[in-house]
Every structure is written in structure tokens, then in C-alpha cells.
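What follows is a set of notes on a single structure, which appears directly below.
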Amino acid sequence: MDDYVADLVDLLDTLHIDDAVVGGLSLGGYVAFALLKRAPHYVRGLILAERRAGADTPEGREGRTRMLTLVREQGASAVADQMIPKLLSADTVRMRPDIVERVRSFILANPVETIAGAITAMMNRPDSSGLLATVRCPTLVLVGEHDALTPPAVATGLQQRIAGATLVVIPDAGHLPNLEQPEAFNRAVGEFLERRA
């Protein structure tokens, strides 16, 4: 996570951005939270989509270890086959082949080393639960109604521990509501930016 945060800080500095509304989905949410922890002066507002505050459980680490073995032995295609049913709602998988192929193409566009690096970063991320009560900027928590990886109950817990945070549940979406229901996702983000941040 430190490498991702360093890249983000370099980008903000290069663009001469002193503060911003920082958002991240899934792994990106962990990066946004790590930025808040390490360089909070950059964060004017926070958007956390499809993420949890805690570190991986032992079971979660075991699953990521299996995924590391899978990507190294069988490549990105095997990861796509295993992850797509977890990333997308069952209805999206069944009725929207365009979205399924789009997500597959995103995964396949990454070298094995990049996928392994992201898995390792998520597996080794710190527990940020203690930081939730210290968040003082406007915060939006987003979650897909049918997210199997970070279900709405997890998002509700996150929202309840951040003072004044807003929770939006995106109907008919899994872990990637920005792709599955982009209009609803963009509307939630737009309203947050206009009214809160």
C-alpha cells in the first residue's frame, strides 16, 4: 500500500493538487484510506466503494495465497475465471455478457506480476479499523446490493463508524457497481460531490 500511496502523492504533487476528494473502489479504497492515514492533508473528501476496514482474516489470507498460486501457475485467465462470479452479481453474469467480457479484458490486460502484486498488497494491508473514528472529512460509502466480497452489512458497519458518513447501496450490482449500474453509481458520486464535498 505504501508504494500505491507514494505514486498517488507523486501524481497529486505533479498536478499541483493540494487537496482533493479521493475515492477508491475495492483495492483503490484501501489506497484511499492509506492516503488518509499517511498524508491526510491531501484528503478533502473520501469515497469508499466496496471495501472493508479490517486486515485480512486468516481465511482471507489463505484464499489470497491460493490466488497467488493460481495466477503464477495458470495465469490471468484462470484468475478471471475464478474472480468474475465474485466480482459481478449473478444477474450480471447471466444476462450481461458485455460486462463480463469487459471485466475479463481488464484482468487479462495485466501481467501476472501486477496481479500478484495487487493480491499481495491486499493480503498484507494493515487493519485500519481504528482510523475510522478519526475521519473528519465528508465521506461517502458505496456498495452493491448483491456484493459477495464486501456485502452491504460490511458497508453499513463502515459508514456507522465514520461520523457523518453517507451510505448508498446500488441496486442490482455486485462488487463493481460502477460497471454494472454506472448511472446509479455516477449519480451517487455526483450528488455527494455537489452537496457534501
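Could you list, in sequence order, the residues of segment 89-138 that are closer than 19 Å to residue 60 by Cα, open to solvent by less than 80 Å² (accessible area, probe 1.4 Å) and either in contact with a Gly (Cβ under 6 Å, 6 or more places away or on another chain) or not hydrophobic (A, V, I, L, M, F, W, C) (or both)?
Selection gives 117, 120, 125, 126, 128, 129.
Out of the residues in segment 159-173 meeting the condition of being of a type in the set (Val, Ile, Thr) and in a strand (DSSP E or B), tell me which one is farthest from residue 88 (Cα to Cα). Break it down into steps so the answer makes sense when it comes.
Step one: filter segment 159-173 for residues of a type in the set (Val, Ile, Thr), giving 162, 166, 168-170.
Narrowing further to those that are in a strand (DSSP E or B): 166, 168-170.
On the way: 166: 23, 168: 18, 169: 15, 170: 13 Å.
Checked segment 159-173; the qualifying residue farthest from residue 88 (Cα to Cα) is 166.
I'm checking my understanding of the structure. Among residues of segment 180-197 that are open to solvent by 20 Å² or more (accessible area, probe 1.4 Å), assigned to a helix (DSSP H, G or I) and touching a residue at least 40 places away in the same chain (Cβ under 8 Å), which one is farthest from residue 95 (Cα to Cα)?
So, considering only residues that are open to solvent by 20 Å² or more (accessible area, probe 1.4 Å), assigned to a helix (DSSP H, G or I) and touching a residue at least 40 places away in the same chain (Cβ under 8 Å), the one farthest from residue 95 (Cα to Cα) is 193.
Using beta carbons and a limit of 6 Å, which pairs, at least six apart or on different chains, have the first residue in segment 91-116 and of a type in the set (Lys, Arg) and the second one open to solvent by less than 30 Å² (accessible area, probe 1.4 Å)?
Short answer, once both residue conditions are applied: 104/80.
When you go through (1) over 20 Å from residue 178 (Cβ atoms); (2) without any contact (Cβ under 8 Å) to a residue 12 or more places away in the chain; (3) of a type in the set (Val, Ile, Thr); (4) surrounded by 13 or more Cβ atoms within 10 Å (Cβ to Cβ) one by one for residue 69, which number turns out not to apply?
Checking residue 69 against (1) over 20 Å from residue 178 (Cβ atoms); (2) without any contact (Cβ under 8 Å) to a residue 12 or more places away in the chain; (3) of a type in the set (Val, Ile, Thr); (4) surrounded by 13 or more Cβ atoms within 10 Å (Cβ to Cβ), the one that fails is (4).
The values are calculated or read from the model by the stated rules, or taken from the named source; none is laboratory data. Here the structure is a predicted model, which means the values were calculated and not measured. We place every Cβ from the backbone using ideal geometry, glycine too, and count neighbours over all the protein chains shown. Ligands, DNA and RNA are stripped out before the accessible areas are found, and what is left, the full protein with its side chains, is counted by its heavy atoms. Shrake-Rupley method; radii C 1.70, N 1.55, O 1.52, S 1.80 Å.
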